[in-house]
Number of protein chains: 6
Amino acid sequence: MKYGARNKMEGTVTLIKKGTLMCSVTVQVPGPSEVSSVMTLDSLEELGLKKGDKVRAIVKAIHVLLVKD
Amino acid sequence: MKYGARNKMEGTVTLIKKGTLMCSVTVQVPGPSEVSSVMTLDSLEELGLKKGDKVRAIVKAIHVLLVKD
Amino acid sequence: MKYGARNKMEGTVTLIKKGTLMCSVTVQVPGPSEVSSVMTLDSLEELGLKKGDKVRAIVKAIHVLLVKD
Amino acid sequence: MKYGARNKMEGTVTLIKKGTLMCSVTVQVPGPSEVSSVMTLDSLEELGLKKGDKVRAIVKAIHVLLVKD
Amino acid sequence: MKYGARNKMEGTVTLIKKGTLMCSVTVQVPGPSEVSSVMTLDSLEELGLKKGDKVRAIVKAIHVLLVKD
Amino acid sequence: MKYGARNKMEGTVTLIKKGTLMCSVTVQVPGPSEVSSVMTLDSLEELGLKKGDKVRAIVKAIHVLLVKD
C-alpha cells in the first residue's frame, strides 16, 4: 500500500476521546512523541480503533505549517 | 508563543526544493524521522529559511488521516 | 516569529463556543470583519484563550477557495 | 448562493502569479488587507480570473490556526 | 457561479447528523455514491439545509489523497 | 486496509500533469465523473503512478465544502 503524501508515521493508539460527532485519537510515534488526529465517530467505528492498535498517520505536506523564531 | 494545534514538532531544515511558485522543505525531527512542508516561494522568502535553520512544524489534528491494516 | 503562510490577521477574541470535543473561536479583525477558527478543546485550553485576548489567525493560501459570480 | 463555511470575504483581484501547474491569486479585501489563494492553473482558467475581478474568498473555520503570544 | 476548485459534485442531502458544535451532512451524488461533509452547526443553519435539498460539494484537489495497492 | 475518512472512491488514473515541484492526477470514478488530486512529484514517484492504474481517492469530510443556491 502506497500513499500520495510526504508524511507517514507508524505508531500505537494511546488515547481516544469521544465527542458527540467527532473524536480525537492520540498515537504514540517514535521520538518519543505523539500525533493527534481528529475524525468523525463514524470513521472511528469503521476503523474499529482501540487503545494499543497499530496505525499509520498520514499528513500531506501542504497541511504542514512551518514557523521560525 | 502558543499554537491552536495538537501537533507541534521542532526540527532542523535539511532540504529545500524550489519549484516555480511552490517549494518543499524537509525538516529533520527527533525519532529520527522527517517532516515535509509545501508552501509558496513567497512564504519561504518571508521565513528566510536555509539548511540548518531550526523551525517548528505545526499540524492541526483534523489534517491527520489514520490508516489501519 | 515568522509563519510559512500567506494569510495572517491580528484580532481580538469576541466569542468562544464550546462543544464536547471541539470549539469555535470568533476573532474580530480590522475591516471590520470576523474570522472563525475551529479547534479541539485541548488546543483551546493550551492557548488559554478568553474573550478580549489578542491572537493571530493564520491560513495557508492553499486553504482559500475563490468563487466568482 | 450560500456556503457551508464560516469565513467569507469579498474583494478585488490585485495580483496573479503563475507557476507551471499552480498559481497564486492575491485579493484586496476591506481592512485594508489582502488574502492569498493558491489553486491549479486549470482552476484559474475555469474561473477566468484577471486583475480587477470581484471574487469571494471562502475559508472553512477548521483551516484557521490561532496563535497567541 | 464558478469555483476555484477541481472537484465539484452535485447531489441531494440524505442525512444530517448533529453534534453539539459540528454536524455531518451526507450527500447522494451520481454513481451511485455518497459524499460526506463536516461543518459547524452555524454553517448548517446559514445554509438552511434539510433532507432532499440540492447542494454542490466542492473539494480542492490538494485535499485529495491517492492510495495505491 | 481501513481509512479514517468518510469519502473513499475507487477509480482509474486518466491524466497526469507535471509541474516543476507538484503534479495533478485525474482519476475516473464511477458516475461517470472525475476526481483530481494535487501532490508533490516526490509523492507521485513514490506511488509510481501511470495512466490506467487503479487507485483510491480519500477525502476527509472536513475538507468538503457544501454550497446551496
Q | Selection count where residues are without any contact (Cβ under 8 Å) to a residue 40 or more places away in the chain and over 15 Å from F:GLY31 (Cβ atoms), scope segment E:5-45 | A | 23
Q: Look at E:LEU44 and say whether it is among the hydrophobic types (A, V, I, L, M, F, W, C), modelled with pLDDT of 95 or more, under 22 Å from A:MET39 (Cβ atoms) and buried (at least 22 other Cβ atoms within 10 Å of the Cβ).
A: no
Q. Which of the residues that make up segment B:1-20 are among the β-branched types (Val, Ile, Thr) and more than 22 Å from B:VAL64 (Cα to Cα)?
A. B:THR14, B:ILE16, B:THR20
Q: Might you check whether a residue that is buried (at least 21 other Cβ atoms within 10 Å of the Cβ), within 9 Å of the chain's Cα centre (by Cα) and not acidic (Asp, Glu) occurs anywhere in segment B:12-25?
A: yes
Q. What number of residues within segment F:36-56 satisfy the criterion of being more than 30 Å from A:LEU21 (Cα to Cα), among the basic types (Lys, Arg) and under 12 Å from the mean Cα position of the chain (by Cα)?
A. 1
**Q.** Number of the condition not met by E:SER33 [criteria: (1) modelled with pLDDT of 95 or more; (2) crowded, with 18+ Cβ neighbours inside 10 Å; (3) over 24 Å from A:CYS23 (Cα atoms)]
**A.** (1)
**Q.** Close pairs from segment A:48-68: first touching a residue at least 60 places away in the same chain (Cβ under 8 Å), partner of a type outside the set (A, V, I, L, M), Cβ under 6 Å, at least 6 apart
**A.** none
Q) So which strands (runs of 3 or more DSSP E) are wholly in chain A and hold at least 3 residues that are within 7 Å of another protein chain (Cβ to nearest Cβ) and out of contact with any Leu (no Cβ under 8 Å at 6 or more places or on another chain)? A) A:33-40
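The values are calculated or read from the model by the stated rules, or taken from the named source; none is laboratory data. Since this is a predicted model, take the numbers as computed values, not measurements. Note: ideal-geometry Cβ built from the backbone for every residue, glycine included; neighbour counts use all protein chains shown.
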